[in-house]
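To start, the structure itself, in structure tokens.
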Amino acid sequence: MNTQNQLTNNTGALFINLNKNVRVVIFAVCVTLCLTPFISPAIALMMGLVIAQFTGHPYLHLNHKATHILLQVSVVGLGFGMNVHSALQAGKEGILFTIVSIISTLTFGFLIGKWFNIEKKTSFLISAGTAICGGSAIAAISPVIKAEEKQISVALGCVFILNSLALFIFPLVGHYLNLSQTQFGLWCAIAIHDTSSVVGAAGKYGTHALEVATTVKLARALWIIPVAFVSSFLFKNKSKKISIPYFIGLFILAMIANTYIPVVALVSPYFIMIAKAGLTLTLFLIGAGLSRAVLLSVGFKPFMQGVLLWIGISGTALYAIMHLA
């Protein structure tokens, strides 16, 4: 069974015990609502969290695969709403922040792990998830370092909890500090773990923030490859294949088609609408997998490592974007 499935299957005690048919109906209603324009990504995530605690996810065994596919398809769909020239400019602005933040986060994570005496592989997975792209980085790197199920579960739980908080906190901070669209997009891409929450937070802030955040975050996700190679040497494992995020190539092709093919530009609004609905549904499913058992499985020290890393990268990136960019 997939590690993510094992993580989410461990639902623990529910506040309301209902038969499966009722749970399925409630779940189906929530899914349907997420596909409408009336539910924002933040509300969808909150709905998922409520489902996880009160009635439970009736299809937990399919949750990881569904979120994985939905996220990738939705991100490709967002490419139809972006312009190549604007994306290249956003990428240039974010590349220095990306390199510095990834290296510093991995280094800081190593030091915190040593300080708290956290198991080495767990600490590394939390650091990599924070530095690159959350659950995707953990899923790609864990087989390379031969991580055990418990180590992966702890890292995923830690990242998903903080990732969920970021979706609510970042837009509030952005508006309070009056960040520009470009500043907020860069900040989201650097400091929020998963692509789904990056897109959710940036999309709520504005169209240009969404474009900047998505482009920089996907460029950041490509760092899974060199980090995984380095990991294989650090943990002395040269036999495992490295998972390459091929959907980023499809995102680039969609962006090129939208920029240079007039016919594609005419239908792009429909692709974007479907993509945003898919991302909202993705966040609902992520929330629905965060049961009490998942929340309690993380442990104090690993969670504190995740919190300190998140605060460090968020605060440093925000200062740099506001004062140095």
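The values are calculated or read from the model by the stated rules, or taken from the named source; none is laboratory data. Note that the coordinates shown come from a computational prediction; the quantities given were computed from them, not determined experimentally. Positions of Cβ are backbone-derived with ideal geometry, glycine not excepted, and every protein chain shown enters the neighbour counts. These accessible areas exclude ligands, DNA and RNA; they are computed on the full protein's heavy atoms, side chains included. Shrake-Rupley method; radii C 1.70, N 1.55, O 1.52, S 1.80 Å.
Number of residues in the stretch 40-54 that are open to solvent by 30 Å² or more (accessible area, probe 1.4 Å), under 25 Å from residue 74 (Cβ atoms) and either aliphatic (A, V, I, L, M) or more than 20 Å from the chain's Cα centre (by Cα) (or both) equals 5. Only residues that are surrounded by 16 or more Cβ atoms within 10 Å (Cβ to Cβ) and under 12 Å from residue 313 (Cα atoms) were counted in the stretch 105-123, giving 4.
In the stretch 176-190, the residue that is nearest to residue 306 (Cα to Cα) out of those that are touching a residue at least 60 places away in the same chain (Cβ under 8 Å) and buried (at least 24 other Cβ atoms within 10 Å of the Cβ) is 190. Answer yes or no as to whether residue 80 is buried (at least 21 other Cβ atoms within 10 Å of the Cβ) and either basic (Lys, Arg) or over 19 Å from residue 224 (Cα atoms) (or both). Criteria met by residue 80.
Listed here are the residues, each with its yes/no results for (1) touching a helix residue (DSSP H, G or I) at 6+ places or on another chain (Cβ under 8 Å); (2) outside any helix (DSSP H, G or I); (3) at pLDDT 90 or above.
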site: 7; (1), (2), (3): yes, no, no
site: 16; (1), (2), (3): yes, yes, no
site: 22; (1), (2), (3): no, no, no
site: 26; (1), (2), (3): yes, no, yes
site: 33; (1), (2), (3): yes, no, yes
site: 48; (1), (2), (3): yes, no, yes
site: 53; (1), (2), (3): yes, no, no
site: 57; (1), (2), (3): yes, yes, no
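Filtering the stretch 151-172 to residues that are without any contact (Cβ under 8 Å) to a residue 60 or more places away in the chain and either farther than 19 Å from residue 45 by Cα or part of a loop (DSSP other than H, G, I, E, B) (or both) leaves only 151.
Among the β-branched types (Val, Ile, Thr) and in contact with a Leu (Cβ under 6 Å, 6 or more places away or on another chain): which single residue out of 99, 43, 39 fits that description?
39
Checked across the stretch 21-30, the condition of being surrounded by 13 or more Cβ atoms within 10 Å (Cβ to Cβ) and within 25 Å of residue 135 (Cα to Cα) holds for at least one residue.
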